[in-house]
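**Q** Got a structure for you, questions after.
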Amino acid sequence: MNTKRRKRPVTIVDIAAKLGLSPMTVSRSLNSRQDVNEATRKRVLECATAMGYHPNRWAQSLVKRRSMIVGVVIPDIAHSFFAEITTGVEEVLERSGYDILLCHSRAQAARETSEIGMLSSSRVEGLIVASTQGIYSPGILHELRQKETPFVLVDRFFPGYDFASVRTDDHKVGRIATKYLIGLGHRRVGYIGGPNLSPAHLRRRGYFAEVREAGLEVRRTWLARSNFDIDGGYTAMKKILSRSPKPTAVYTANDPAAIGALYACRDAGLDVPGDMSIVGSGNIEGPHNPNPFLTTVDWPRSEMGRMAARLLLAGMEDPSPEKLSAVKVFAPQLLVRQSTASPRG
């Protein structure tokens with residue numbers, strides 16, 4: 001039988017005994033209190049590092065009477081897009097002494113409402129939410145604002161509500177993608193949209209703005225709606241391909257739907273990009289695929305997460321209307337790959 005005892009964690013008392021200081025002085029030094037001189041603070045920090053001291057966050061939260069936890073609610077925990085955002089959030093919050101409690105809404109508005117209610121009742125310090133509520137129906141988020149609970153929306157916003165948000169210029173996303181296809185010579189350009197969320201809504205408007213500006217016809221048979229997932233994109237593209245005449249290019253509101261559209265073309269015996277050019281939005285292939293194929297529109301997801309965390313920290317420190325309604329919009333850019341080409345003939 002192994003009788004070796006587990007090593008006891010180093011405590012403030014241990015550091016105090018080592019340096020001949022009081023535990024109170026050590027605690028004040030570790031918490032950067034101004035009533036400790038710099039030489040003492042340096043001695044304490046160096047000793048703590050050498051002894052392998054790690055602060056107990058739960059104990060600190062009890063002393064401060066704060067949870068030191070931020071709730072993060074995303075629609076798809078497996079989606080690399082939201083994984084990158086969450087990584088950026090965590091990076092900033094950890095440096096400020098916060099932990100995150102991650103919740104997965106599964107892109108269901110009712111589940112999201114339940115999770116936000118749970119987090120709020122658990123007394124989290126604030127929330128970062130990639131909401132699945134309808135674009136004109138923020139629901140529980142409006143209630144949070146009325147209670148002055150700090151929160152930041154990421155990759156979403158609600159027209160008419162001054163909620164803090166971090167997102168890309170989704171109208172420009174739609175315009176960039178559609179303009180590129182038109183520039184390749186496509187005159188029959190279709191669109192696969194998304195759910196009733198601000199990104200899909202604005203990307204659709206960007207698509208229509210470009211085709212109308214180019215004087216092109218838009219047929220209803222070239223339009224279809226999808227969820228932001230592969231199955232939805234597959235079904236939407238099959239619907240478009242079942243009609244005649246077919247478009248020679250399709251812009252989809254996000255990358256998973258674009259990948260589904262690619263699969264539908266393949267199963268229909270069509271070559272991409274020979275018979276059909278496809279552009280997505282979100283660049284989910286980039287960080288994970290050594291040979292990304294899909295032409296798409298990109299914006300910095302990790303930096304969006306970091307910015308959302310910074311805005312939330314500012315709002316928690318100063319819950320003024322100005323801080324609780326701060327907005328940061330990142331510019332998108334086109335990434336040209338192998339799924340697009342000029343139309344044949």
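The values are calculated or read from the model by the stated rules, or taken from the named source; none is laboratory data. In this text, all values refer to a predicted model and were calculated from it rather than measured experimentally. A quick note on method: Cβ atoms are made from the backbone with ideal geometry, for glycine too, and the neighbour counts reach across all protein chains shown.
**Q** When the residues of segment 296-313 are narrowed to those that are surrounded by 24 or more Cβ atoms within 10 Å (Cβ to Cβ) and not aliphatic (A, V, I, L, M), which ends up modelled with the lowest pLDDT?
**A** Among them, the one singled out is Arg301.
**Q** Checking the structure you have, find out if any residue of segment 321-333 is in a strand (DSSP E or B), modelled with pLDDT of 95 or more, surrounded by fewer than 17 Cβ atoms within 10 Å (Cβ to Cβ) and β-branched (Val, Ile, Thr).
**A** yes
**Q** Moving to a separate point now. Restricting to segment 114-172, name every residue that is touching a strand residue (DSSP E or B) at 6+ places or on another chain (Cβ under 7 Å), within 28 Å of Tyr251 (Cβ to Cβ) and not aromatic (Phe, Trp, Tyr).
**A** Result: Val129, Ala130, Ser131, Leu153, Val154, Asp155, Arg156, Ser165, Val166, Arg167, Thr168, Asp169.
**Q** While we're looking at this one, here's another question. Can you tell which of Gly282, Gly269 is assigned by TED's automatic domain parsing to the domain that holds Val189, within 17 Å of Pro199 (Cβ to Cβ) and not aliphatic (A, V, I, L, M)?
**A** Unique residue meeting the criteria: Gly282.
**Q** Taking Ile176 and the conditions (1) assigned to a loop (DSSP other than H, G, I, E, B); (2) more than 22 Å from Glu322 (Cα to Cα); (3) modelled with pLDDT of 95 or more, which numbered condition does it fall short on, given that it satisfies the others?
**A** So the condition that Ile176 fails would be (1).
**Q** Only helices (runs of 4 or more DSSP H) wholly contained in segment 30-123 count here; list those with 2 or more residues that are at pLDDT 85 or above and surrounded by fewer than 19 Cβ atoms within 10 Å (Cβ to Cβ).
**A** The qualifying helices (runs of 4 or more DSSP H) are 38-51, 80-95, 109-121.
**Q** When only residues in segment 162-190 that are touching a helix residue (DSSP H, G or I) at 6+ places or on another chain (Cβ under 8 Å) and polar (S, T, N, Q) count, which is nearest to Val73 (Cα to Cα)?
**A** Per the criteria, the residue is Thr168.
**Q** Cβ-Cβ below 6 Å, separation at least six or inter-chain, first residue in segment 293-318 and closer than 12 Å to Gly88 by Cβ, second surrounded by 19 or more Cβ atoms within 10 Å (Cβ to Cβ) and of a type in the set (Asp, Glu): which pairs?
**A** Arg301/Glu84; Ser302/Glu84
For (1) of a type in the set (Ser, Thr, Tyr); (2) within 19 Å of Phe82 (Cα to Cα); (3) more than 18 Å from the chain's Cα centre (by Cα), each residue gets a yes or a no:
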residue: Thr296; (1), (2), (3): yes, yes, no
residue: Gly305; (1), (2), (3): no, yes, no
residue: Leu312; (1), (2), (3): no, yes, no
residue: Asp318; (1), (2), (3): no, no, yes
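**Q** Here is a check on your reading of the model: is Arg167 modelled with pLDDT of 95 or more, in a strand (DSSP E or B) and not small (Gly, Ala, Ser)?
**A** Taking the combined requirement at face value, the residue satisfies it.
**Q** Go through Ala258, Ala268, Ala253 for me and flag whichever is touching a residue at least 12 places away in the same chain (Cβ under 8 Å) and more than 27 Å from Arg205 (Cβ to Cβ).
**A** Sole residue among the options that is touching a residue at least 12 places away in the same chain (Cβ under 8 Å) and more than 27 Å from Arg205 (Cβ to Cβ): Ala268.
**Q** Right, here's the next one. For Glu94, all conditions in the list (1) assigned by TED's automatic domain parsing to the domain that holds Arg306; (2) within 17 Å of the chain's Cα centre (by Cα) hold save one; what is the number of the exception?
**A** Every condition holds for Glu94 apart from (2).
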